[in-house]
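The structure appears below as structure tokens.
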Amino acid sequence: MKSIILFLLFIPYLGIGQNEIQVSDLTKIKTAGNVQITPDGKNIIYTVQAIEPDAKDKWDYNYVTQIWMADVSGNTSPRQLTYQKDGANNPRISPDGKSIAFTRSVDGKGQIFILPMDGGEPWQLTTEKNGAGNPVWFPDGQAILFSSSIKLIDLITDSILNPKKELPEWPTEKAGFKDNSYLSTNTAKANPDGSIDQIRAYLSMNEKDNKAKVITKLNLQEEARVSNDLSFNHIYQIEVKPQAKSIPLTSGFYSFANPQFIEGTDEILVQTDLDKTEHPDRSFESEVYRLSLANHSLTKVLGKKGMSYGQATISPSGKWIAFTQSPILSVSVPKLSIMPLNGKESDIMIINHDRNVNSIQFSEDDKNLFITSASNGGVALYLVDLATKAVHVLSSFDEGIGSIDFSKDKIAFSKIAVASPSELFLADTKMQNQKLLTDLNTSWLKTKTLSTPQKFSFKNEKGLTVEYWVMKPTNYTPGKKYPAMLEIHGGPTAMWGPGEASMWHEFQYYCGKGYVVVYANPRGSGGYGENFMRANIKDWGAGPTSDVLKSLDAAVSLGFIDTSKLAVTGGSYAGYLIAWIISHDNRFKAACSQRGVYDLTTFFGEGNAWRLVPMYFGGYPWQPDVLKTLEHESPITYVQNINTPYLMFHGENDLRTGVIQGEQMYKSLKVMGKSVEYVRHPGATHEITRSGNNRQRIDQMLRAWEFFDRFIH
Amino acid sequence: MKTILILFSFLSLSLVHAQSNWSPEQCLQLKNITATIASPDGAKVLYSVREAIMTEERSEYVNQIWLCNADGSNQTQLTRGDKNNANPAWSPDGKWISFTSNRDGKTNLYSMPVTGGESEKLTDVKSGIANYAWNPDGNSIAFSMADAVSDQDEKNKKGKNDWYFVDEEIKQNRLFILNLNKKDTAGKYAQKKLVNEEVTVNDFNWSPDGKQLVYSYSKSPKANDEITSDISLINVETGISKPISSTPKAGESNPIFSPDGSKIVFYASTDPIDWSGPEMIKVYNLADGKITRLKSGPNDEGQIIGWTADSKNIIYSEANKTLTSIYILSVDGTTVTEWSKGETDLITGVTLNDKNNKITFLKQNPSSLAEAFITGTSTYAPVKLTTVQAGHSGKPLPKTEVIKWKGADGREIEGLLTYPLNYVAGQKVPFILNVHGGPSGVFVQNCVVGNSGAYPIAAFAEQGYAILRPNPRGSTGYGADFRMANRSDWGGKDYIDIMNGVDQVIKMGVADSARMGVMGWSYGGFISSWIVGHTNRFKVASIGAPVVDLVNQNLTDDINGFLPSYFKADPWNDWATYDAHSPLRYVQNVKTPVLLQHCEGDQRVPITNGLMFYNALKRRNVTVRMLAMPRQAHGPVEPKMNLKVFETNVEWMNKYIGGKGKS
């Protein structure tokens, strides 16, 4: 009887045949990552992130990442290699192809596991008390490098990493103390009525028991909590055999990252910032060193005051490194560069490529670089011919290349496109003859109708070419007019386009709801070079507003937008820009700011993204001329002009932008009796719409649509 | 105080056994091979290895699954962790390995690719998978599972409203089909219940075309019902079933399809069932529904292994005195051939692969631990597969030999005599008589080192004891007549058979008649308690889960047809016989110090038996202790309980008849 009832319930549901993307479809999206070709070139290892129903709460979902393997011939279906509900991530194939190292959470800490490829279940290699991540195989496959992060207070007493019980050389900035000796363990017994040492022991105990948080560092805001914690990432090696013990290769009150073996040596390349003079919160340099595996000594390769050298990549022969360089704390595009490993600063060659670099890999013969960069609405693969320094684009700006790996004759990559938000592909070394290897989303999308963005551009008053896209409603009928949703991105250095993954679903959702979706990359966006990116310095409001509204005007001129039904939404910097727009323009029927910034002066204090203030506005609020600019550029200054019905979102734990300025905005509008609603999402951070709780992602999207529906039918 | 004592006893043990190899603690560290199965192509073998986990908070046996090539090379551990991974099987195409695991709390079914990868959880059940079998087409798996405790049951338990009427709320064992090609909306593989009648499904087997299942079932999972199970055939698609053999008072079980799909072989009891009577091998012919009985082995009680690939013979194994033999029974019912003839080791755990062409099994002898072997099905030619016990090679083991003597009426009786380690001929040593259960059990030539049961034979031998393990009348392995020769006569000629064996060992000059002890569990506990009520020749007794009062036993145990089968009447029709054969009626004669051991969860011989004997002895001021073990069934099943029984028995014997230390 029960099964009959269920059957009847299902029939009408299926009968509707909803061809539009639904809000709940976001839980169907599977995303490929960590693409790696096996040494024999026959298979591709990759991860798939899925959104799975929670076992207990039927409305909740969890992200689960598992490792998969696809046959390059495409003759057999890809198969799932890991299943445990804790998931598996960061797979790294051993040099002989017989094992995969991967990470998995054990009791809340990441640990490294080994999956034998000739049969049998994975076994746990590391049992690090602070967790282990980023496994890198030794070339001989006998051992693995990994990194593990340790807190300052633990590092002071750690017998392995700090046997001499040393203290940081850089100033910890504790007021009233000349040096760091106060950090040495106080052996006094806690007593609130005792000696100064006993009182300090008592106060330390209260800190440990979370009765007090004492803040002495500059960057007090993490992503979701205020904390004085400082952590240091160290690199370890461990033999690949059960019960092996790890050995640290780095030490000190510094962090080390991105270890790579240098062919023909017993050294690895590492990135760090060995600055004895400044607290890590103030030191922004990044340096590159060679680390000897024999005696753990460090030899500097790259590093200079005021410069950050990143993404260091060693060539297969070990003779060259590729990297990016940029002045610290600047609004700039780091410059792609190469240098002989044993070269001097004067040997650095800069590649003429005015785009941010996502990934760098040398070709097997050292002769070319494969790089990926966000550009013009997509993420493209480029080939740099190191002989001529010529840069060739190998893939379309209408698609986004995600994770990528190269073999002698093949390129394997994950790709985001309008047709599917993520699939794994294989192509030849020129990115031709692309072959789809997976069905992560293609099958469930077969019953859906998708809207395809059309790309347009115009030249703005500064002579910059601004690109924008128009998406028709899913069930568009020529001759009809439709409401329009202007979507604006954050950053301000983000870039949107058909090759950008995070908005795939939201754009299609609004098209499915009958909106025309218009989005642009206004001045200040990434993907168009340094000049474009810097074009909004001291001009966060008016200039970018002009670019996005011009895009909307141009879309309207296409003839299918009902100008009495315009809405606008966006998050973070876009939340700022929307407040700016509606305090200067009344064309929108309703507006929605998500996790926005509204008062730059307050933002300086409450957001961990506060460095944007000096970087974009030239200084700090206590400097009168800067204060003037900040006030001029803050939407709160114009709050009395807002008449557009306004929905404001903020994640309750969002410390990247902070909630206070939003509440200032909300309260001001409320006092004035304006049409405003404010939604806080408990527990949510700044990443709510991208990697947040899926029920809250659905909630926020639906709440925005429902709010617009009150004003636009 | 208790913890100090425990610590102290551990300390003293480790001192005593500084040079020993087979102390109770050392025995509990042994690994056991618990299952073997060759791949369909015969090239690889899966097996499971069991180890005890004893930590402060845990005491359990955990299996892990291993894989090796059929020549014993390339040993690979497939599962790890501290949870149980057991019951390995191959998918019909040999590409997947399935097993059961309790890693997520409940025992669920998992599968992993032979070529590498983590296992996928195939089921998400609320109770636990009991048995399972792949459909030969590889697209589904049949499994059985007990009814889960309902939410209402849980609520009643929490709210202390958990009364029940005896025998009225049966948790049946049900048969399900798991569809590996279909997932439900929650992302789980679709499963459906197959047999809807209120019965318990015991064994099941797929037809070679994967369309039908033959299964045995009983009205409840109780042992007394299972023994009279019947057999039906069910169409998996339609769910329509058809009886093969339906006999209310007789039992039919373990049906297996022939590879050509034309016949089904099964066990059948006599009608009505006679417990431990002859067990027949019968074949059902699907074409005409006729059932024929095959000529079976000399013991008339054994195990059907399966069919030969040509569907012409049944592979069958039986206890053969103190060994086991594999026989080939022709399906035409005319011939029986002892196929493993000449094998002098004990064969156990005989398993046939899906293609009916490879047999895997364990081989051992009294002084060699069990390892897995493989043979083809044409000739018996064992090839060693495992070296699980390699770490124990070179550790000396005592000599064990089969001895024979004349029993009560001149019948030849056999027993296994284990000598003290490094025994010098002519020495008279302390002696322990060990009596097996059943009574239709049998002492066979398994290795004297073990980690299960109650009696660490090797530990006793290391401490200077000689141990006799007799197979008196009533034992299996010597034919149906011998097995049934103790009817209405427990404590009669069986007792004489045993005591004649003791006299034999004294006569051999091995046993010191002044230092003799007796120990036994279940029916062995019956004989031990009978002995102490009839003779004072033994200076000490260790009695486990004894039947001491036949009426109490018959009216409280879970096999209530058992004693009426042996004593030919229900108790109310013959109180006198039940009384006459109850050791409790002789408790007034007992002078021997007695150690009793009984498990609280014992349904076969409920603990009331042990308590009656204990209280009677205690009130008579006879030296007595009783070791009670919570949770355990008809014998210890948790390693710490195994260890405690081992240690307690060694200490108890040492106290009264001494070992090496006191000679």
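Structure values in brief
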{"quantity": "Members of the stretch B:100-121 that are of a type outside the set (S, T, N, Q) and within 10 Å of chain A (Cβ to nearest Cβ)", "calculated": "B:103, B:104, B:110, B:112, B:113, B:114, B:116, B:117, B:118, B:120, B:121"}
{"quantity": "Number of the exception - residue A:545 against (1) in a helix (DSSP H, G or I); (2) of a type outside the set (A, V, I, L, M); (3) within 18 Å of residue A:674 (Cβ to Cβ)", "calculated": "(3)"}
{"quantity": "Candidate set: the stretch A:217-258, residues that are among the charged types (D, E, K, R) and surrounded by 15 or more Cβ atoms within 10 Å (Cβ to Cβ); chosen: the one modelled with the lowest pLDDT", "calculated": "A:217"}
{"quantity": "Residue in the stretch B:112-123 that is out of contact with any helix residue (DSSP H, G or I) (no Cβ under 9 Å at 6 or more places or on another chain), touching a residue at least 60 places away in the same chain (Cβ under 8 Å) and over 30 Å from residue B:200 (Cα atoms) present", "calculated": "yes"}
{"quantity": "Pick from the stretch B:73-111, criterion among the basic types (Lys, Arg) and in a strand (DSSP E or B), ranking: nearest to the chain's Cα centre (by Cα)", "calculated": "B:106"}
{"quantity": "Conditions (1) of a type in the set (Asp, Glu); (2) part of a loop (DSSP other than H, G, I, E, B); (3) away from chain B (no Cβ under 14 Å); number of the one not met by residue A:154", "calculated": "(2)"}
{"quantity": "Selection count where residues are more than 12 Å from residue B:490 (Cβ to Cβ), over 23 Å from the mean Cα position of the chain (by Cα) and hydroxyl-bearing (Ser, Thr, Tyr), scope the stretch B:550-586", "calculated": "1"}
{"quantity": "Test: residue in the stretch B:175-196 that is touching a helix residue (DSSP H, G or I) at 6+ places or on another chain (Cβ under 8 Å) and over 30 Å from residue A:61 (Cα atoms)", "calculated": "no"}
{"quantity": "Of residues in the stretch A:87-105 being away from chain B (no Cβ under 11 Å) and in a strand (DSSP E or B), the one farthest from residue A:132 (Cα to Cα)", "calculated": "A:93"}
{"quantity": "Failed criterion for residue A:707 (all others in (1) part of a helix (DSSP H, G or I); (2) touching a Gly at 6+ places or on another chain (Cβ under 6 Å) hold)", "calculated": "(2)"}
{"quantity": "Residue check for residue A:486: surrounded by 18 or more Cβ atoms within 10 Å (Cβ to Cβ), of a type in the set (A, V, I, L, M) and farther than 27 Å from residue A:393 by Cα", "calculated": "yes"}
{"quantity": "Residue check for residue A:525: out of contact with any Ser or Thr (no Cβ under 6 Å at 6 or more places or on another chain), surrounded by fewer than 20 Cβ atoms within 10 Å (Cβ to Cβ) and under 24 Å from residue A:657 (Cα atoms)", "calculated": "no"}
{"quantity": "Whichever residue in the stretch B:68-99 is more than 13 Å from chain A (Cβ to nearest Cβ) and acidic (Asp, Glu) and, among such residues, is nearest to residue A:125 (Cα to Cα)", "calculated": "B:71"}
{"quantity": "Evaluation of residue B:369 against (1) closer than 29 Å to residue B:295 by Cα; (2) within 18 Å of the chain's Cα centre (by Cα); (3) buried (at least 23 other Cβ atoms within 10 Å of the Cβ) (one fails), failing number", "calculated": "(1)"}
{"quantity": "Any hit, the stretch A:124-146, residues being within 14 Å of chain B (Cβ to nearest Cβ), farther than 30 Å from residue A:205 by Cα, of a type outside the set (S, T, N, Q) and crowded, with 21+ Cβ neighbours inside 10 Å", "calculated": "yes"}
{"quantity": "Hits in the stretch B:322-361 (condition: touching a Gly at 6+ places or on another chain (Cβ under 8 Å), assigned to a loop (DSSP other than H, G, I, E, B) and surrounded by 21 or more Cβ atoms within 10 Å (Cβ to Cβ))", "calculated": "B:322, B:353"}
{"quantity": "Residue identified as within 14 Å of chain B (Cβ to nearest Cβ), more than 30 Å from residue A:266 (Cβ to Cβ) and in a loop (DSSP other than H, G, I, E, B) among A:176, A:194, A:119", "calculated": "A:119"}
{"quantity": "Helices (runs of 4 or more DSSP H) lying entirely in the stretch B:513-580 (those with 2 or more residues that are aliphatic (A, V, I, L, M))", "calculated": "B:523-534, B:550-556, B:575-580"}
{"quantity": "Test set (1) exposed (fewer than 14 other Cβ atoms within 10 Å of the Cβ); (2) within 14 Å of chain B (Cβ to nearest Cβ) - residue A:111 fails condition number", "calculated": "(1)"}
{"quantity": "Of residues in the stretch A:684-713 being free of Cβ contacts under 8 Å to residues at least 60 places away in the same chain and closer than 28 Å to residue A:222 by Cα, the one surrounded by the most Cβ atoms within 10 Å (Cβ to Cβ)", "calculated": "A:684"}
{"quantity": "Single match in A:153, A:100 (criterion: more than 28 Å from residue B:185 (Cβ to Cβ) and modelled with pLDDT of 95 or more)", "calculated": "A:100"}
{"quantity": "Count of residues meeting criterion [within 26 Å of the chain's Cα centre (by Cα) and either surrounded by fewer than 17 Cβ atoms within 10 Å (Cβ to Cβ) or within 14 Å of chain A (Cβ to nearest Cβ) (or both)] in the stretch B:122-166", "calculated": "5"}
{"quantity": "Some residue of the stretch A:420-437 being buried (at least 23 other Cβ atoms within 10 Å of the Cβ), in contact with a helix residue (DSSP H, G or I) (Cβ under 6 Å, 6 or more places away or on another chain) and within 19 Å of residue A:494 (Cβ to Cβ)", "calculated": "yes"}
{"quantity": "Some residue of the stretch B:127-136 being part of a loop (DSSP other than H, G, I, E, B), closer than 15 Å to residue B:200 by Cβ and in contact with a strand residue (DSSP E or B) (Cβ under 7 Å, 6 or more places away or on another chain)", "calculated": "yes"}
{"quantity": "Condition met for residue A:277 (among the β-branched types (Val, Ile, Thr) and modelled with pLDDT under 95)", "calculated": "yes"}
{"quantity": "So residue B:258, is it at pLDDT 95 or above and in contact with a helix residue (DSSP H, G or I) (Cβ under 9 Å, 6 or more places away or on another chain)", "calculated": "no"}
{"quantity": "Sole exception among (1) touching a Leu at 6+ places or on another chain (Cβ under 8 Å); (2) crowded, with 16+ Cβ neighbours inside 10 Å; (3) of a type in the set (Gly, Ala, Ser) for residue B:317, by number", "calculated": "(1)"}
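Yes or no, residue by residue, for (1) within 14 Å of chain A (Cβ to nearest Cβ); (2) over 20 Å from residue B:305 (Cα atoms); (3) touching a residue at least 12 places away in the same chain (Cβ under 8 Å):
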{"residue": "B:178", "(1), (2), (3)": "no, yes, yes"}
{"residue": "B:186", "(1), (2), (3)": "yes, yes, no"}
{"residue": "B:189", "(1), (2), (3)": "yes, yes, yes"}
{"residue": "B:195", "(1), (2), (3)": "no, yes, yes"}
{"residue": "B:200", "(1), (2), (3)": "no, yes, yes"}
{"residue": "B:207", "(1), (2), (3)": "no, no, yes"}
{"residue": "B:211", "(1), (2), (3)": "no, yes, yes"}
{"residue": "B:217", "(1), (2), (3)": "no, no, yes"}
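The values are calculated or read from the model by the stated rules, or taken from the named source; none is laboratory data. Note that the structure is a prediction, hence the values are computed from the model and not measured. For neighbour counting, all protein chains shown are included, and Cβ atoms are generated from backbone atoms with ideal geometry for every residue, glycine included.
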